[in-house]
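Undergrad: Take a look at the following structure, please.
The values are calculated or read from the model by the stated rules, or taken from the named source; none is laboratory data. These numbers come from a predicted model, not from an experiment. Note that each Cβ is placed from the backbone with ideal geometry, even for glycine, and that neighbours are counted across all protein chains shown. Please note that ligands, DNA and RNA were not included when accessible areas were found on the heavy atoms of the full protein model with its side chains. Shrake-Rupley method; radii C 1.70, N 1.55, O 1.52, S 1.80 Å.
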There are 2 protein chains.
Amino acid sequence: MRPSPPILVLGNGGFGTALALVLHRAGHSVVVLGHRNEVTAEIERTRENRRYLPGIRIPDTIRFRTELDEDSARATTIVSVAPTQHLRETWMRIEPTLSRHAAGTTPEGKHVREVASPLGGRLIISCSKGFERGSGELPSACIRDVVPESRLCVLSGPSHAEEIARHLITSVVVAARDDADAREAQAVFGTTTFRVYRSSDPIGVEVGGAAKNVIALAAGISDGLGFGDNARAALVCRGALEISRLGTALGARAATFTGLSGIGDLVATCTSAHSRNRAVGIRIAQGEKLRDILATTETIAEGVTTTASVTELSSRLGVDLPITRAVYGILYEDQSPRHAVERLMSRAAGDELGAD
Amino acid sequence: MRPSPPILVLGNGGFGTALALVLHRAGHSVVVLGHRNEVTAEIERTRENRRYLPGIRIPDTIRFRTELDEDSARATTIVSVAPTQHLRETWMRIEPTLSRHAAGTTPEGKHVREVASPLGGRLIISCSKGFERGSGELPSACIRDVVPESRLCVLSGPSHAEEIARHLITSVVVAARDDADAREAQAVFGTTTFRVYRSSDPIGVEVGGAAKNVIALAAGISDGLGFGDNARAALVCRGALEISRLGTALGARAATFTGLSGIGDLVATCTSAHSRNRAVGIRIAQGEKLRDILATTETIAEGVTTTASVTELSSRLGVDLPITRAVYGILYEDQSPRHAVERLMSRAAGDELGAD
């Protein structure tokens, strides 16, 4: 009998590589799928992700590939960490191969587990953050469009890849409608340094991670203007309430935003030196124009796209999001950062947890 | 007719002085009462609070005193910012004088407002944080014991004194059982840089500010051990949930802890370079003993006392507070910081917003 199939990680960026290290440490066989040949080949050869996790040694047994092979096509667990804007095409590219290989079966075709379809037997753990440009869809919805019969969980929380890769203690939350799926995902990662809590509110967990980068931009702008710790703490706190309003309009539970995927991730993103979005906010506050910043950075700060998506979503849902509106005005309508933040802050302060 | 009486600020530390500056800017006449003659005299003479707010010029019209005079004894608004451990004695010291002078009356004895008693006409805005040692009482309860007939509000939120004094934008929340009192307190401060939201949950607002320093110590310990941004964000987030459990057991509403006085203040305290409590946590993580740290600092970090009070309170209320328990073990039972934090983090991660 062949050994059980490996866990498949989609995406070889910093977060994908870091999660592959966690899964390897938890005792799994791991295959990481990337889409650019030269990057994949370099990681496979040097055993280091020089671009995103320089200095971290990657064990030889983690395989980096650009195509599914016989073995990885049978993965019963797929950890999806592709960038949100490439997520749909990534899944469309691998779906035919997955559909030809029943999950967990041996090459002789014997089913290791009872499943309704080759895709239905798979547990997909979606870790991408943001909203798809154009459609405004959450990552899990993009995946579900391609592989509707899969069992889908979302994973989110304060989880800078550099720290996960160095096995520093990290706490995240995994959410699924069916608690059995969340428990299975929790068990997959179960190491002492990567702690996985469970939630039954996948929409809430996913919206928190998706929308946080707008607030990170706002925090960066506030920091760049020299507004201090009081203002930043208020922005984080009011930002969490704002995301919670957006989330509940989408069907999430408000309490979820008090957890790791809500305020937890916001705290990490808005106060950390690692955050690209916060860094972009600081540069904007210092007078740089968005187009010039975008011209000098290889990776777009996700929050720039997210601000447009969230703004579109808020008008569709009829939810007022004043911080997002201010960031949108600064990024896309050429408003002065100082003026926009001061206007935001000069709004009448009413009942704290009321609608305003 | 004499002008209306001044606003009385109790306490000339950093926070008291900063609030006096805000009140002055809002157009009020302000008297600040301190208890140490030499400090008060120095501030009055140099127009600077050299110990707590060096470099900030204090306008000549803000008066610094150690005793109530005819004028300040008639204050209709009293902003109470005395240290929690001296709060009761401060109020006991001034109560007889206040009781002899009807609030807001002219020297001729004409009542400016209809009040049931000299104290009943006063609005007290309590800004102290922590629990009283021994009794475990919240600051507002200490004040109420001395002047039960007053109208009492509590004010809290992310509010480093240095930033308030420099008129950087700061957002706080004021809470009272009676919304009319909260509105009156809100109006007292109404400047554009010191933004005051309202809440109807005074217990929740006060517990958030009182308990936060335990989590700030924990965050400092985590930082001092080099655990990184992910661990700190998780501590802040799990800490807020822990404070929320304590607060709801005391009668607060859970939602209040998602606001400025809950997570907002925690974010400011746990991530700021200004926080004394976080700084003590860092030193403890680096191997210093509590008694040695206390011997070298003039002001006790409030969290050290609070940790004992909260621990006592949690066992009385039967609420499990794992982070507080870990901090207590480190401070008072000589547990190794690394060992205690690792044990905290190796607890089974269950349902995220459940009881554990």
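Undergrad: Give the residues of region A:239-290 that are of a type in the set (Val, Ile, Thr) and more than 7 Å from chain B (Cβ to nearest Cβ), sorted by residue number.
TA: A:Ile243, A:Thr248, A:Thr256, A:Thr269, A:Val280, A:Ile282, A:Ile284
Undergrad: Take region B:29-52 and flag every residue that is at pLDDT 95 or above and under 26 Å from B:Thr192 (Cβ atoms).
TA: Answer for region B:29-52, where residues must be at pLDDT 95 or above and under 26 Å from B:Thr192 (Cβ atoms): B:Ser29, B:Val30, B:Val31, B:Val32, B:Arg47, B:Glu48, B:Asn49.
Undergrad: Got a number for residues in region A:338-352 being in a helix (DSSP H, G or I) and either open to solvent by less than 20 Å² (accessible area, probe 1.4 Å) or farther than 15 Å from A:Glu242 by Cβ (or both)?
TA: Adding up the residues that qualify gives 7.
Undergrad: Looking only at region A:242-267, count how many residues are of a type in the set (D, E, K, R) and in contact with a Lys or Arg (Cβ under 8 Å, 6 or more places away or on another chain).
TA: Matching residues across region A:242-267 total 1.
Undergrad: Within region B:309-317, identify whether any single residue is more than 9 Å from every other protein chain (Cβ to nearest Cβ), surrounded by 23 or more Cβ atoms within 10 Å (Cβ to Cβ) and touching a Cys at 6+ places or on another chain (Cβ under 9 Å), and answer yes or no.
TA: No; the residues of region B:309-317 include none that is more than 9 Å from every other protein chain (Cβ to nearest Cβ), surrounded by 23 or more Cβ atoms within 10 Å (Cβ to Cβ) and touching a Cys at 6+ places or on another chain (Cβ under 9 Å).
Undergrad: Could you list, in sequence order, all residues of region B:182-198 that are open to solvent by 20 Å² or more (accessible area, probe 1.4 Å) and either facing chain A (nearest Cβ under 9 Å) or not hydroxyl-bearing (Ser, Thr, Tyr) (or both)?
TA: Passing the criteria: B:Arg183, B:Glu184, B:Gln186, B:Ala187, B:Gly190, B:Thr192, B:Thr193, B:Arg198.
Undergrad: Go through the residues of region B:176-191 one by one and say whether even a single one is in a strand (DSSP E or B), charged (D, E, K, R) and either touching a Gly at 6+ places or on another chain (Cβ under 6 Å) or at negative phi (or both).
TA: no
Undergrad: Residues in region B:216-238 that are surrounded by fewer than 24 Cβ atoms within 10 Å (Cβ to Cβ) and more than 10 Å from chain A (Cβ to nearest Cβ): how many?
TA: Qualifying residue count for the region: 2.
Undergrad: Turning to a different aspect of this structure: So for region A:137-147 (the condition being within 26 Å of B:Gly228 (Cα to Cα), free of Cβ contacts under 8 Å to residues at least 12 places away in the same chain and of a type outside the set (Asp, Glu)), does at least one residue qualify?
TA: no
Undergrad: Looking only at region A:263-292, which residues are aliphatic (A, V, I, L, M) and either buried (at least 17 other Cβ atoms within 10 Å of the Cβ) or within 15 Å of the chain's Cα centre (by Cα) (or both)?
TA: A:Ile263, A:Leu266, A:Val267, A:Ala268, A:Ala279, A:Val280, A:Ile282, A:Ile284, A:Ala285
Undergrad: Also, quick follow-up: Can you tell me which residue is nearest to B:Ser99 (Cα to Cα) among those in region B:144-170 that are assigned to a helix (DSSP H, G or I) and facing chain A (nearest Cβ under 9 Å)?
TA: Only one residue fits best here, namely B:Ile164.
Undergrad: Another question about this same structure. From the residues in region A:5-14 that are touching a Ser or Thr at 6+ places or on another chain (Cβ under 8 Å) and surrounded by fewer than 24 Cβ atoms within 10 Å (Cβ to Cβ), which one is modelled with the lowest pLDDT?
TA: A:Pro5
Undergrad: Now a separate question. Name the residues in region A:25-41 that are assigned to a helix (DSSP H, G or I) and surrounded by fewer than 17 Cβ atoms within 10 Å (Cβ to Cβ), would you?
TA: Once the filter is applied, which keeps residues that are assigned to a helix (DSSP H, G or I) and surrounded by fewer than 17 Cβ atoms within 10 Å (Cβ to Cβ), region A:25-41 yields A:Arg25, A:Asn37, A:Glu38, A:Ala41.
Undergrad: Looking at B:Val173 and the list (1) surrounded by fewer than 24 Cβ atoms within 10 Å (Cβ to Cβ); (2) outside any helix (DSSP H, G or I); (3) in contact with a helix residue (DSSP H, G or I) (Cβ under 6 Å, 6 or more places away or on another chain); (4) within 13 Å of another protein chain (Cβ to nearest Cβ), which single condition is not satisfied?
TA: Status for B:Val173: all satisfied but (1).
Undergrad: Here is a follow-up. Just for region B:1-24: of the residues that are of a type outside the set (S, T, N, Q) and assigned to a loop (DSSP other than H, G, I, E, B), which one is farthest from B:Thr170 (Cα to Cα)?
TA: Only one residue tops the list, namely B:Met1.
Undergrad: Ok, one more. Is it fair to say A:Ile300 is over 27 Å from B:Gln186 (Cβ atoms) and either touching a Leu at 6+ places or on another chain (Cβ under 7 Å) or crowded, with 21+ Cβ neighbours inside 10 Å (or both)?
TA: yes
Undergrad: B:Leu87: open to solvent by less than 80 Å² (accessible area, probe 1.4 Å), under 27 Å from B:Thr305 (Cβ atoms) and either part of a loop (DSSP other than H, G, I, E, B) or modelled with pLDDT of 95 or more (or both), yes or no?
TA: yes
Undergrad: Quick one: B:Ala141 ticks every box in (1) under 24 Å from B:Ala182 (Cβ atoms); (2) at pLDDT 90 or above; (3) open to solvent by 40 Å² or more (accessible area, probe 1.4 Å); (4) of a type in the set (A, V, I, L, M) except a single one, so which number is it?
TA: Exception for B:Ala141: condition (3).
Undergrad: Which of the residues belonging to region B:318-337 are more than 16 Å from B:Gly209 (Cα to Cα) and part of a helix (DSSP H, G or I)?
TA: B:Pro322, B:Ile323, B:Arg325, B:Ala326, B:Val327, B:Tyr328, B:Gly329, B:Ile330, B:Leu331, B:Tyr332, B:Pro337
Undergrad: Follow-up. Spot the failing condition for B:Leu152; the list is (1) open to solvent by 30 Å² or more (accessible area, probe 1.4 Å); (2) modelled with pLDDT of 95 or more; (3) touching a strand residue (DSSP E or B) at 6+ places or on another chain (Cβ under 8 Å), and only one is missed.
TA: Failing condition for B:Leu152: (1).
Undergrad: Going through region A:199-214 one residue at a time, which ones are surrounded by 23 or more Cβ atoms within 10 Å (Cβ to Cβ) and under 15 Å from the mean Cα position of the chain (by Cα)?
TA: A:Pro202, A:Gly204, A:Val205, A:Glu206, A:Val207, A:Gly208, A:Gly209, A:Ala210, A:Ala211, A:Lys212, A:Asn213, A:Val214
Undergrad: Here is a further query. If you take just the helices (runs of 4 or more DSSP H) that sit entirely in region B:253-317, which of them hold at least 1 residues that are among the β-branched types (Val, Ile, Thr), within 30 Å of A:Asp351 (Cα to Cα) and at pLDDT 85 or above?
TA: Here the list reads B:265-271, B:302-317.
Undergrad: Kindly check whether there is at least one residue in region B:47-58 that is in a strand (DSSP E or B) and open to solvent by 10 Å² or more (accessible area, probe 1.4 Å).
TA: No: zero hits.
Undergrad: State yes or no: is A:Phe131 facing chain B (nearest Cβ under 10 Å) and of a type in the set (Phe, Trp, Tyr)?
TA: The answer is no for A:Phe131.
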